[in-house]
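Data first, discussion second: the structure below is written as structure tokens.
The values are calculated or read from the model by the stated rules, or taken from the named source; none is laboratory data. Owing to the predicted nature of the structure, the values given are computational and were not obtained by experimental measurement. Positions of Cβ are backbone-derived with ideal geometry, glycine not excepted, and every protein chain shown enters the neighbour counts.
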């Protein structure tokens, strides 16, 4: 017997036809077994968490940067600094003369 | 047999969740798979149950498909492994349908390709083969798989498959011709 004889012999085996019920059930697998929803949701959540963290971080950094740019000018405003400075003859504390003069 | 790049494309569509692509895959692959599993298990209902499990795995894990495999090879490999597990669970008590028992030697046909008796005799000869030889013969001569694809399904080297086939053919030929010819 050569290969062709074997092939011919195997073609003589009883045909096996998948049953209609089997084919119906298998074809409906995408409907009856939707892809694991929880898996999809968890992946989305894993993807979403870093996204939210990133957005939060970006907002904070932007806020700090804008604040730095604007507050820098305020901090070095000479008028503001002048307002805060005292002259050589000035004092925040009232002198003894002033205190006596205020006394009734 | 489909081309590997077509199979890869089809699996990509299935992995993306396309039910029409999955149906196309089922229509192509279910009949040969059910035939193969029925021959191995000798029980079509059991074979269909296993084939259903195979396609469920394909649907859920299509993204695991390796482009180096043909679709038929990959699907038969999953089915083969499930069938082997099933046969192990049976602990060697493989059911044989009554109408497919071996033909008595006196009724063995002289011309091997003529009638149903020949098919019964071939089935009996296959049943008498060790499992690996039987699977190799079924894949080679019924499913028309080339030896490298059989090697992938059975997880063997191509040399080992060739050796299995040579031994199986000698034994089957002896059974079919009613001789002990070990040429």
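Would the stretch B:149-160 turn up any residue that is within 13 Å of chain A (Cβ to nearest Cβ) and under 21 Å from residue A:11 (Cα atoms)?
Among the residues of the stretch B:149-160, not one is within 13 Å of chain A (Cβ to nearest Cβ) and under 21 Å from residue A:11 (Cα atoms), which makes the answer no.
Does residue B:44 satisfy the condition of being farther than 20 Å from residue B:70 by Cα and out of contact with any strand residue (DSSP E or B) (no Cβ under 9 Å at 6 or more places or on another chain)?
Here the answer is yes, as residue B:44 does meet what is asked.
Results for (1) farther than 20 Å from residue A:12 by Cβ; (2) at pLDDT below 95; (3) assigned by TED's automatic domain parsing to the domain that holds residue B:76, shown as yes or no for each residue.
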position: B:140; (1), (2), (3): no, no, no
position: B:147; (1), (2), (3): yes, no, no
position: B:171; (1), (2), (3): no, yes, no
position: B:175; (1), (2), (3): no, yes, no
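Looking only at the stretch B:1-52, count how many residues are more than 10 Å from chain A (Cβ to nearest Cβ), surrounded by 21 or more Cβ atoms within 10 Å (Cβ to Cβ) and without any contact (Cβ under 8 Å) to a residue 40 or more places away in the chain.
Number satisfying all stated conditions: 1.
Checking residue B:137 against (1) touching a residue at least 60 places away in the same chain (Cβ under 8 Å); (2) within 13 Å of the chain's Cα centre (by Cα), which test does it fail?
(1)
Can you pull out the helices (runs of 4 or more DSSP H) entirely within the stretch B:1-87 that have at least 3 residues that are farther than 23 Å from residue B:156 by Cβ and modelled with pLDDT under 90?
Details: elements: B:4-15, B:19-41, B:44-60.
Hits in the stretch B:1-87: B:4-15.
Quickly run through the stretch A:6-37 and pick out the residues that are more than 42 Å from the chain's Cα centre (by Cα), more than 7 Å from chain B (Cβ to nearest Cβ) and either part of a helix (DSSP H, G or I) or more than 29 Å from residue B:127 (Cα to Cα) (or both).
A:11, A:20, A:21, A:24
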